[in-house]
Structures are given as C-alpha cells and as structure tokens.
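Have a look at the structure below before the remarks.
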C-alpha cells in the first residue's frame, strides 16, 4: 500500500512508520524536517501543517495516517490539500485519544460513549482542560471531510521507546535506581497503557484490513491498576531490595502534590478514564506486550527516551513524602 503519514519522525508516528516499512508498504512522510530525516528508504516532504501544505499538491495514497492533529482546522486544511474531500489521500486515519469522552463514571466505556463538548468550540488553545474536547472536534471534522470510511484510533497512555513526555519513563528510571520509591494513591486507580510499537503495528494492521469507525487501543484488560503497573515495572527493572511506599492521595494533595508533579497520577479521587473497554481491538487481533517488557526496553533505550527535567519528584521531595507516609 501507499501510505502518507502526517508526522512520522517522533514517538507514535515513528513507530507507525517502522511498522509500515517492515510490512513492505511504500511510505511518504510529511513533516517539518530536521538535521537528519529518519527512514531514508521513505519519501520525505517537508512543510508545516499549520502553514503551507503545497508539497502535498501532487501524489495519491491508499491511506493517510495523521498522528498530530490537535485542532479541527488542521484536519480540514489537510483535506483541502489532498483534493476534494481528501480524495487523493485515500482512507483517513486519525490517531485520537481516550480523552475524548465527556464523562467516565465507571469502568468499561465503549467506543460509542458520549464525547466531550467544549464551551468554546473555536478555541485552539490546547490545555489539559481542552485537549479531549479538541480531539473530539478533530474526529467530527475527520468524518465531515474524509467521509464515513474514516478510521479513528483512540489510544490510552502511550509508552515505550522514544516517548518524549517522560510520564512512564520516569517510573522506569526511578525504579532502576533502587531504594525506597514513593507512589501516591489510590493504588486501585484504574490504569491502561499501550506500547508505542504495539500501537504503530496495530494501526498499520487496521489500515491493511480496511477498518473504519472508532477503536480503543488500550491494555491490559481491566481490572488493572496503577499498583499493578508499578509492581510490574519494579519487577522488570529494579535492583533487589527496591520497595514502594504508598502515600494516601488525600494526604499527598494536602501536602501540595498535584497531578502535574507526578506522572500518571490522576489526583486523590478515582478516575475511570484509565479503564476503557478494549474488546473491539482484541477482537481484531490486538495483542499488547507485557508491561515488564516495555519497561526493560525503555531502560535499555534511555539514550532516545530521556526524562525531561522537572518530571517527577526530586530526591529531597521524595524523602519528605516518604516521611509523611510513614508518619500516618
């Protein structure tokens, strides 16, 4: 197949391109370019999706895989660049997010759950409050522009090599240092992740199968908790004697801890967003690798998967919170 990937040089896009090339597909990447374009065997077209899309004025593809649409204007502009209703781009694939849902009162949300509605649908400011609603608007725009054959992929937290966020890598590297590690509850907080390599391979498989509609890409199946995730990570990468000290979520919040301070912590209350129903993906052959395998690979690939400065607790702050937990 001839595939056009919008993005394709970082994290999710990189894994999509890896999988597509490994499967023998002909790949064109549209991205801003850099000192060295990865994937020399692919065609590269340089441009800014928020600027001039003229380099897409020629060519036809069987599918267009868009990993970096954050506002609906970007989806519509891409459709215009690819001809009437995006016709030259073939089937359109939007990598969205499970954050699109309006509310999640319990585990097991399916792909037809109500989507978020923004108070200001004209905003293009992407924040924690608007991200899900903007992704939902991107989904609506995708079907409007590219038609009902559109495939919408909704992953949960994406982890693994090349992750620029540090949200899971922080935990891998922290456990690898050993000692007493503080984690903040509730430890029964539902949690799902997907390795970027599994996501990339599954996206390519869905395209090959001619899939359309929306599908979650999340694992493991519920029930699975943040405690399960951290324990599996500890078992995979931590030296002997490494322990986890759990601090009550309410006590942590009272001590000034916020979700921005600690990766993958949602706050002191249960959040069911980490427990969507992945049955449709599993029925299509999605088979995520064990979390421990991802942890080991993230540690081995630390050169390309760094933790951004300021992510997680400093040693001094962690010691304070451990002392607080032990005093309760």
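Each value in this text was obtained by applying a stated rule to the coordinates, not by laboratory testing. Keep in mind it's a predicted model, so treat the numbers as computed, not measured. Cβ atoms come from the backbone with ideal geometry, glycine included; neighbour counts cover every protein chain shown.
What to note about this one:
- Take the Cα radius of gyration of the chain and divide it by 2.2 N^0.38 Å, N being the number of residues; the result is 1.02.
- Among beta bridges that DSSP assigns inside the chain, antiparallel share in %, nearest 5: 10
- Gyration tensor verdict on the stretch 14-62 (Cα atoms; rounded if a/c is under 1.5, prolate if a/b is larger than b/c, oblate otherwise): oblate
- Cβ crowding within 10 Å averaged over residues, with 227-238, 284-295 ranked highest first: 227-238, 284-295
- Each of 6, 65 has some number of other Cβ atoms within 10 Å of its Cβ, and from fewest to most they run 6, 65.
- Separation of the stretch 226-249 and the stretch 25-55, taken as the distance between their Cα centroids, equals 40 angstrom.
- Rounded to 10°, Cα long-axis angle of helix 72-81 versus longest principal axis of the chain: 30
- The chain - percent relative contact order, Cα under 8 Å, separation 6 or more: 19
- If R0 is taken as 41 Å, the Cβ-Cβ distance between residue 209 and residue 269 corresponds to a FRET efficiency of 0.60.
- Inter-label distance, nm, simple model (7 Å from Cα along the C-beta direction), residue 127/residue 314: 2.7
- Among 135-145, 269-279, sorting by the average number of other beta carbon atoms lying within 10 angstrom of each residue, highest first, gives 135-145, 269-279.
- Distance between the pseudo-spin-label points of residue 250 and residue 46 (7 Å out from Cα toward the beta carbon): 5.7 nm.
- With semi-axes defined as the square roots of five times the eigenvalues of the C-alpha gyration tensor, the equivalent ellipsoid of the stretch 178-328 measures 31, 18, 13 Å, largest first.
- Working from label points 7 Å from Cα in the Cα-to-Cβ sense, the residue 243 to residue 284 distance is 4.6 nm.
- Principal-axis tilt of helix 131-146 within the chain, Cα atoms, nearest 10 degrees: 20
- Residue 37/residue 328 FRET efficiency (R0 51 Å; Cβ-Cβ; nearest 0.05): 0.45
- Helical runs assigned H by DSSP (4 residues or longer) give the chain a calculated mean residue ellipticity at 222 nm of -9500 deg cm²/dmol, each run adding -39500 (n - 2.57) before division by the residue total.
- For the stretch 34-129, average projected area of the Cα convex hull in nm²: 8.9
- Rounded tilt (10° steps) of 226-237 against the dominant C-alpha axis of the chain: 90
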